[in-house]
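Q: First the structure, which I've put down as structure tokens, then a few questions once you've had a look.
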Amino acid sequence: MNIQFHYFVIRYLSRRMGFDDKTSQIIAGASQYVDESSEIASVSFTKAEIKGKKIEKRGLYVNDGTKVKVYIPKTIHKSFDEFDGVDEFDYKDTTNICWQSMVPFHYSPLRPIDHTKEDCLHYLVEAPPDFDEKGIFRDLTDYCIAQYQMTVPNNGNDTEKDSPEETAIRIGILTHMLADCYAHANVNGLVSMDNDTTALQVMNGDMATYITSDYILSAAEQISVPYVGQYRTKTLLDDCYVRANIMQNNFNPPQQFIHDSLESFMAAARRIYDFFLKLLNLDDDEYSIWNGTYVPVIAPLLRFRSTDVGKLSEMWHAKCTDIDFSYSKDAIKAKLSDRDHPEYLFGAAVVADDIRQVVHIEEARKESTMLGDPAGSISFGAVILEDNKFTLSATGTSAAGDTPKTLTMLLMNERSQQIDSAVFTQIAGGNSITGQLKNTVPDHAAVYTLRASLYTEKSGKTIAAMGILPVTFEDLSSLITCTGNSLSKIHQDDILVSYNSTDRSDADLSYPDNADYFNQDNSHLIGIILPLSAKFQLDKKYTFKSVVASLTLMDGNNHYIHCGNAKQNSVVLSKGNSVSTVTFCEDWKNNLPLDIYYKNTADLSLRIHLLVSITANKGEPFIGNRTFVWESAPDVFPVINTVWEADAHKR
């Protein structure tokens, strides 16, 4: 997201919901400055000036002779040169720009990441779960709420209360993290080929104006832009009022997801609204106030695509005349650099350190004011597919000395929308809980994400054990290819049927009136016979179990003509080593509905429908046993030209 959301939406929400003007400005300014703080800058202090403060206890300073330097947190990159090349990127080095700035503040995971394992390169940003679910955001927001409401105990172990400025900065940075999780879903903050994304179709909001070229890299950019986050599609994910179909190229097969900025921005605004309700200790309005007061202001303004601070200030002030929408990057930097009032700098440094700590597993396991030891572990069972249903299973195992209470399973689609969820409890003792989710296979290629979370008896002092399982569904229609034959003229009853024939000299097409024509049986149906042969090739990863084929015709208006009493042909599978290929030759007898084409020549497209049952070959367990309907493409078989004969009978 850009300044339109990070400053203006946050300034409006925080002020209108009840934060005083000074606090609201600090919150909104801190939220936006996360995208501005790209320079390496420090302020010098004497050792006496930091003595006893959290900045000293945490070692957030650098010795400089008789003085110390405290650095302004660097939360964004200055240029792409700061990223190593893909081949040289060391994901184990947590001092690089990715781990220090990109992951914590712009591409936050839902749980700590083990940076020592290469799997960390494949985590994907997701919209945060409910605030009641344990994880990074639950820990950070709970601690922030406790600080704001002044309920943090001062036990002399680095848990003293924040200054008011530090608390406001903490709120602002957290709102930035929350918002970016919605905008940056499906990518991550490391140098990872999983971020090799391409904008396929881009529309400016509701308008069918394709502006894809705005988000396509030039030849020079292809070389210089790193595989980090959304950068391969430029500012696409951060721009207001854009809807795009985005391809992730590094997956096999490549995956697509839909990004709708207005939808994701409004969802982020609602989540931050809920966060502010908790901070201010207000009752949840169950959407009545949100929908009636805030949505009518925010949604229309988010349709304005601009990052011009002057124009945005005028636009928002016109809607909310009692709020001062003035943002200055230089003014915020001046406050952070003011050594006579170090509360801003010290607060920003401590908050940034808190957030950086929760990203890495080894950091999160250290004694902290917010986090304890993990609650246990999550494992996933094999994905079971049978026909149009799939079953996912997960097991949560508690750590030694702890007892599992509940296992929560949440299934999300590629747009981070919840599809299904369930909560399982321990039944017969033991240290684990197993649960299953069953759902319907989507009718299109899709990537679902299963999240499982384990809560235990000691979860009040632990991080909930969490696991993420991506589930990929193939486009079944692409698994089969078909080749067909081309035939010459065929006569049957009162109709002449030909393939690709332009010779109609033997047919009288003149009908002097608009009467309906009927066949000799005085019915609306004409019997035809089509000799047809076809070859169906299945993806070699799978095997045909059974194939039942049927004929369908489609007219020039793309309307299906369901032939009466259509003969169905049960195809005998070929014998031999492979049953991935089916070839057959059949005479297809069908009844064509004559009354649709009384007085016109009808050009019909022949389609073959298959009712197919397939199974995976050894080593391809995911597909399971599937039964689905497949339809041939329009250009597989030649067009059928039907010409009514002159001696057709009429009633």
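Computed from the coordinates by the stated procedures, all read-outs in this text should not be read as laboratory data. Every value quoted in this text rests on a predicted model; they were computed, and no experiment measured them. Heads up, the Cβs are rebuilt from the backbone with ideal geometry, glycines too, and the neighbour counts pull from every protein chain shown.
Q: Pairwise over distinct Cα atoms, reciprocal of the mean inverse distance: report the Kirkwood radius of segment 299-364 in Å, one decimal place. Numbers along the way, then the final one.
A: Working: mean 1/r = 0.0662 Å⁻¹.
The Cα-based Kirkwood calculation yields 15.1 Å.
Q: Using a cut-off of 11 Å between beta-carbons, work out the net charge of the residues near T197 (Lys and Arg +1, Asp and Glu -1, T197 not included).
A: Once all neighbours under 11 Å are counted, the net charge is 0.
Q: Sorted by average packing, counted as other Cβ atoms within 10 angstrom per residue and highest first, what order do 328-334, 222-228 take? Before the final figure, lay out the partial values.
A: Numbers: 328-334: 13.1, 222-228: 16.7.
For the peptides 328-334, 222-228, the packing ranking is 222-228, 328-334.
Q: Run the dipole for segment 377-452 about the Cα centre, Lys and Arg Cβ at +1, Asp and Glu Cβ at -1, nothing else charged, and hand back the magnitude in debye, nearest 20.
A: It comes to approximately 180 debye.
Q: In nm, to one decimal, how far is the modelled label at A400 from the one at T483, with both set 7 Å along Cα→Cβ?
A: 6.4 nm
Q: What's the extension gain from S288 to L200 if we count 0.36 nm per residue and subtract their Cα-Cα distance?
A: 28.0 nm
Q: Report the Cα centroid-to-centroid distance between segment 278-350 and segment 1-35 in angstrom, as an integer.
A: Spelled out, the Cα-based centre of one part sits 2 Å from the other.
Q: Are any of the pairs K117/K329; K117/K618; K92/K541; K438/K545 more than 32 Å apart by Cα-Cα distance, and if so, which?
A: Those over the limit are K117/K329; K92/K541.
Q: Once you have a ≥ b ≥ c as the square roots of the Cα gyration tensor eigenvalues for segment 49-201, tell me rounded if a/c is under 1.5, and otherwise prolate or oblate according to whether a/b is larger than b/c.
A: Judged from the Cα gyration tensor, segment 49-201 comes out oblate (a/c at least 1.5, b/c at or above a/b).
Q: Right, next: Local charge sum around L279 (other residues, Cβ-Cβ under 12 Å, Lys/Arg +1, Asp/Glu -1)?
A: Result for the local shell: 0.
Q: Using the structure shown, list the pairs from K67/K161; K78/K234; K134/K405 with a Cα-Cα distance above 20 Å, or answer none. Before the final figure, lay out each step's value.
A: Values: K67/K161 26 Å; K78/K234 15 Å; K134/K405 13 Å.
With Cα atoms farther than 20 Å apart: K67/K161.
Q: Here's something else I'd like to know. Under a crude label model (7 Å from the Cα following the beta-carbon direction), how far is K78 from S421 in nanometres?
A: 4.4 nm
Q: A follow-up question, please. Roughly speaking, what is the stretch gain from I384 to K333, that is 0.36 nm per residue apart minus the C-alpha to C-alpha distance, in nm to one decimal?
A: Value of the extension gain: 12.9 nm.
Q: May I ask you to derive the FRET efficiency for T434 and L217 from their Cβ-Cβ distance with R0 = 60 Å, giving the value to the nearest 0.05?
A: The calculated FRET efficiency here is 0.85.
Q: Work out how much length K278 to F131 would gain on full extension: take 0.36 nm times their residue separation and subtract the Cα-Cα distance, in nm to one decimal.
A: Length gained, K278 through F131: 51.9 nm.
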